[in-house]
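K.L.:
Below are the structure tokens for one structure; questions will follow.
Readers should treat all values here as calculations from the given coordinates under stated rules, not as data from a laboratory. Note that the structure is predicted; figures quoted are calculated from it, not measured. Note: ideal-geometry Cβ built from the backbone for every residue, glycine included; neighbour counts use all protein chains shown.
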């Protein structure tokens, strides 16, 4: 009889505190994603044992076998969300339960283990409590939280990973863009396609986008406005979801439009929040909110 695999259990957490705490940077010294907090969270998984004991330890390098499957076959996924300080100085995260759901969807798609999202959030809360001094308290500044899962099997065979690791690192950040940006309508390269993995947050989705971004930059644009298909439908805009506001010249009726979740669009938490708030709070007689295709051909 096969024993039950161990689930992710936040109550078993071991903590090793750093002996060399870092200095907290002033907000005007923060560069997005370049500095990190004192500690990181690591949880290993084994196909025969399940999730092993969670560890919070000093931030530092991960020791990996060079034949690990993450390096060769792209068994890697990640999430990204933020922690803020409210008016009372309490640290808050923005809808992190949705990030956990999306992370599990990404894991299932590339045959990495799923996990209890509530337990991982409990562990992240403990990490934030330990490193709370790094959470900025100024408007437009926050602590970026990056949970990542990788396959760690050593060997060059291609197959379902039998070992994996979740790790969580945190970085104080300011505005991603400090001013308005220009977009190049990009139809010479494709970010995602039907039946692919554009709706999952996999590392492999991002590296191929850098060359088109560099090409756009050479023509004076900061990001790509990704188009798809013969109708040149707008999908996403660089590192962002895309919304367009229209006004019917004849009726004056307004419409807010974003691309539908057809498998090529990342299920953005900010996207969902904007749609929900607009549908709940705006006057439906004055503005409609639609998830539909929008083409640059008709502009």
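K.L.:
For the stretch 242-299 and the stretch 86-102, what is the separation of their C-alpha centers, rounded to whole Å?
P.N.:
25 Å
K.L.:
Right, something else. According to a simple spin-label model (label point 7 Å from Cα along Cα-to-Cβ), what is the distance in nm between residue 270 and residue 218?
P.N.:
Label at residue 218, label at residue 270, 2.9 nm between them.
K.L.:
Same structure, new question: Return a whole-number percent for the relative contact order of the stretch 1-147, with Cα pairs under 8 Å and 6 or more residues apart as the contact set.
P.N.:
Averaging sequence separation for qualifying contacts and normalising by length gives 29 percent for the stretch 1-147.
K.L.:
Here is a follow-up. With an 8 Å cut-off on Cα pairs and a minimum separation of 6 or more residues, tell me the relative contact order of the stretch 183-298 in percent.
P.N.:
28 percent
K.L.:
Of the candidates 143, 225, 277, which one comes out as most mobile in a Gaussian network treatment of the chain with C-alpha springs shorter than 10 Å?
P.N.:
Looking only at 143, 225, 277, the largest GNM fluctuation is found for 277.
K.L.:
What are the semi-axes of the equivalent ellipsoid for the chain, taken as the square roots of 5 times the Cα gyration tensor eigenvalues, largest first, in whole Å?
P.N.:
After diagonalising the Cα gyration tensor, the semi-axes are 36, 25, 20 Å.
K.L.:
Moving on to the next point. Calculated FRET efficiency, residue 6 and residue 140, Cβ-Cβ r, R0 51 Å, to nearest 0.05?
P.N.:
Taking R0 as 51 Å, the efficiency between residue 6 and residue 140 is 0.80.
K.L.:
To test your reading of the geometry: what angle, between 0 and 90 degrees and rounded to tens, separates the Cα axis of helix 117-130 from the longest principal axis of the chain?
P.N.:
Roughly 80 degrees between the two axes.
K.L.:
Here's something else I'd like to know. Sequence gap at least 6, Cα distance under 8 Å: using those rules, report the relative contact order of the chain to the nearest whole percent.
P.N.:
Value for the chain: 17 percent.
K.L.:
So what's the back-of-envelope 222 nm ellipticity for the chain, counting only DSSP H runs of four-plus at -39500 (n - 2.57) apiece and dividing by all residues, rounded to 500?
P.N.:
Computed mean residue ellipticity for the chain: -5500 deg cm²/dmol.
K.L.:
Let me know the shape class of the stretch 10-173, please: from the alpha-carbon gyration tensor, a ≥ b ≥ c as square roots of the eigenvalues, rounded when a/c is under 1.5, otherwise prolate if a/b is greater than b/c, or oblate.
P.N.:
Prolate shape, in that a/c is at least 1.5 and a/b is the bigger ratio.
K.L.:
Using alpha carbons only, how many degrees (0 to 90, rounded to 10) separate the axis of helix 269-281 from the longest principal axis of the chain?
P.N.:
Once rounded, the angle reads 50 degrees.
K.L.:
Provide the packing ranking of 53-61, 24-32, i.e. peptides ordered by the mean count of other C-beta atoms within 10 Å per residue, highest first.
P.N.:
The most tightly packed comes first, giving 53-61, 24-32.
K.L.:
Once fully extended, how much extra length lies between residue 249 and residue 97, figured as 0.36 nm per residue of separation less the alpha-carbon to alpha-carbon distance?
P.N.:
Additional length available on full extension: 50.6 nm.
K.L.:
Also, quick follow-up: Of all DSSP beta bridges in the chain, what percent run antiparallel (nearest 5)?
P.N.:
Approximately 80 percent, going by the DSSP bridge assignments.
K.L.:
Continuing with the same structure: Calculated FRET efficiency, residue 156 and residue 15, Cβ-Cβ r, R0 22 Å, to nearest 0.05?
P.N.:
0.05
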